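The values are calculated or read from the model by the stated rules, or taken from the named source; none is laboratory data. None of these values were measured; they are calculated from a predicted model. Every residue, glycine among them, receives a Cβ derived from its backbone with ideal geometry; neighbour counts consider all protein chains shown. These accessible areas exclude ligands, DNA and RNA; they are computed on the full protein's heavy atoms, side chains included. Shrake-Rupley method; radii C 1.70, N 1.55, O 1.52, S 1.80 Å.
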Amino acid sequence: MFNAKAYSAASATSPLAPTTIARRDPTDTDVQIQILFCGICHSDLHQVRDEWSGVMPTVYPCVPGHEIVGRVTKVGSAVKKFKVGDLAAVGCMVDSDGTCPECKAGLEQFCPNFTLTYNFPDKHTGGVTYGGYSDGIVVDERFVLRVPENLDLAGAAPLLCAGITTYSPMRHWDVKKGKKVGVVGLGGLGHMGVKFAHALGAHTVVFTTSPSKKDDALRLGADEVVLSKDANEMAKQAGSFDFILDAVAVPHDINAYINLLARDGNLTMVGAPDQPMPVSVFGLLFKRRSFSGSIIGGIAETQELLDFCGDHDITSDVEVIPIQKVNEAYERLVKADVKYRFSIDMASLREE
Ligand SMILES: NC(=O)c1ccc[n+]([C@@H]2O[C@H](COP(=O)([O-])OP(=O)(O)OC[C@H]3O[C@@H](n4cnc5c(N)ncnc54)[C@H](OP(=O)(O)O)[C@@H]3O)[C@@H](O)[C@H]2O)c1
Ligand SMILES: [Zn+2]
Ligand SMILES: [Zn+2]
């Protein structure tokens, strides 16, 4: 074992604070990574504050972070894909059984025995996994991704969660030219959703509660922007969408969006509010509409996404912050004051 610097929360009400954690020495199949940037996902905030206590209670101390890019500093003897000095990335998962039907289908995100990057039982240490708000991490090479060299690293980090989480359902629901696609909530996930819907050729409409984000939505690739609190603007869009991606982190009126779907249209939730949201069944019956969810994406698809972003020069619009500002960033996330992802420059932790 070796010591790594990190930021952790001691309880649901404690701010994140500097700490030291133990990481395992790399095994034969492991890659050791010096973390350069780590994005701040709203899931980090949900988890740190134990807002998902009903589904995934938080184990403290909690070191969040699952949008990790860095450089390889050590490799195990059996590692084939990476060598010291390579760029490398890690997302929301660090292990799975590799043998179940989901894993065999390349859908590790649905494996009943997967290991999430933080707040999950750690098979190696017997403790809990610690995420990317740290200067280093050790991960089995099966869960380490390659980063295209042309991408800005601070902006590439959020691709590992915000990117794959929006890309995967768009591919699954066949977003392409000729389709009308909505994206609800212009935050970290939402702004990536806009970039992908646009890059895939769809007519893209952003739904936002923030009038101040209108110009940015158009710049990010939206063809139209709707203020979701304006009933007239919403009514004009009724029954017209093939697909809507909802990336809002708090409970809200889901039926308002179901009613915007055309026949056979689908509304997919990627936002993960902590409370149930009522669905009016009649909204689904009348046009054979469907309402579903999606969680991140498999490892092969995450690599496909990173390569797609390399080819199309897509990264997240980031505000780079030192780790000492992480608690301030959390407060701004709660207020939807994010443009459009915070990315922590981990040099600030090494220098601490
Ligand atoms: N399914 C998955 O695999 C997965 C992966 C990652 C994250 N998530 C979840 O996805 C959600 C979004 O994450 P994120 O990192 O993108 O969060 P975020 O950056 O905080 O963005 C959320 C956006 O939701 C909108 N919003 C906020 N309050 C609202 C309200 N009261 N009513 C309507 N809209 C509101 C805001 O956009 P506007 O200002 O435009 O309204 C806000 O920017 C979180 O719940 C997170 O846990 C799920
Ligand atoms: Zn995330
Ligand atoms: Zn499996």
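Just a few scattered comments:
- Span from the the range 128-163 Cα centroid across to the the range 261-283 one, whole angstrom: 31 Å
- With a cut-off of 14 Å on the backbone N, no residue of the range 192-214 is near the modelled label site 7 Å out from ASP152 along Cα-Cβ.
- With every protein chain in place, the range 302-352: carbon and sulfur % of accessible area (1.4 Å): 46 percent
- Dipole in debye (nearest 20) - the range 194-352, about Cα centre, beta carbon charges: Lys, Arg +1; Asp, Glu -1: 640 debye
- Probe 1.4 Å, protein heavy atoms only - accessible area per residue of the chain in square angstrom: 41 Å²
- Across the accessible surface of the range 199-248, with the other protein chains kept in place and a 1.4 Å probe, carbon and sulfur atoms take up 49 percent.
- In the chain, taking the dipole from charged Cβ atoms about the Cα centre, the farthest positive-side position among VAL334, VAL226, PHE196 is held by VAL226.
- Under 5 Å from the amide H of ASP140 lie the amide H atoms of VAL31, each residue being 5 or more positions distant or on a separate chain, with H modelled from the backbone and absent for Pro and chain starts.
- Contour excess over end-to-end distance, with Cα ends at ASP307 and LYS83 and 0.36 nm allotted per residue: 78.7 nm
- Of all DSSP bridge pairs formed entirely within the chain, close to 55 percent run antiparallel.
- Estimated 222 nm signal from helices in the chain, with DSSP H stretches of n ≥ 4 weighted -39500 (n - 2.57), rounded to 500: -6000 deg cm²/dmol
- Computed from phi, the 3J(HN,Hα) profile of the range 285-297 under the Karplus parametrisation 6.51, -1.76, 1.60 (θ = phi - 60°) reads 4, 4, 10, 6, 6, 10, 10, 8, x, 7, 10, 5, x Hz, with x in place of Gly and Pro.
- Using a probe of 1.4 Å, the accessible surface attributed to ASP44 totals some 0 Å² when neighbouring protein chains are kept in position.
- Counting charges near TYR330 (Lys, Arg +1; Asp, Glu -1) among other residues having Cβ under 14 Å from its Cβ returns a value of -2.
- Carbon plus sulfur fraction of accessible area for the range 5-61, probe 1.4 Å, in percent: 57 percent
- Positive-pole candidate from ILE40, THR99, PRO18, dipole of the range 4-127, charges at beta carbon: PRO18
- Degrees separating the helix 188-199 axis from the principal Cα axis of the chain, which is the longest one: 70 degrees
- Extreme residue, positive dipole direction of the chain, given options PRO121, SER343, VAL250 (C-beta unit charges): VAL250
- Dipole in debye (nearest 20) - the range 7-142, about Cα centre, beta carbon charges: Lys, Arg +1; Asp, Glu -1: 300 debye
- Test item: Cα-centred dipole of the chain, Lys/Arg +1 and Asp/Glu -1 on Cβ, debye: 600 debye
- Those residues of the range 174-217 whose amide nitrogen sits under 18 Å from the label point placed on SER290, 7 Å along Cα→Cβ: 174-176, 179-182
- Taking the longest Cα principal axis of the chain as reference, the axis of helix 162-172 is set at about 50 degrees.
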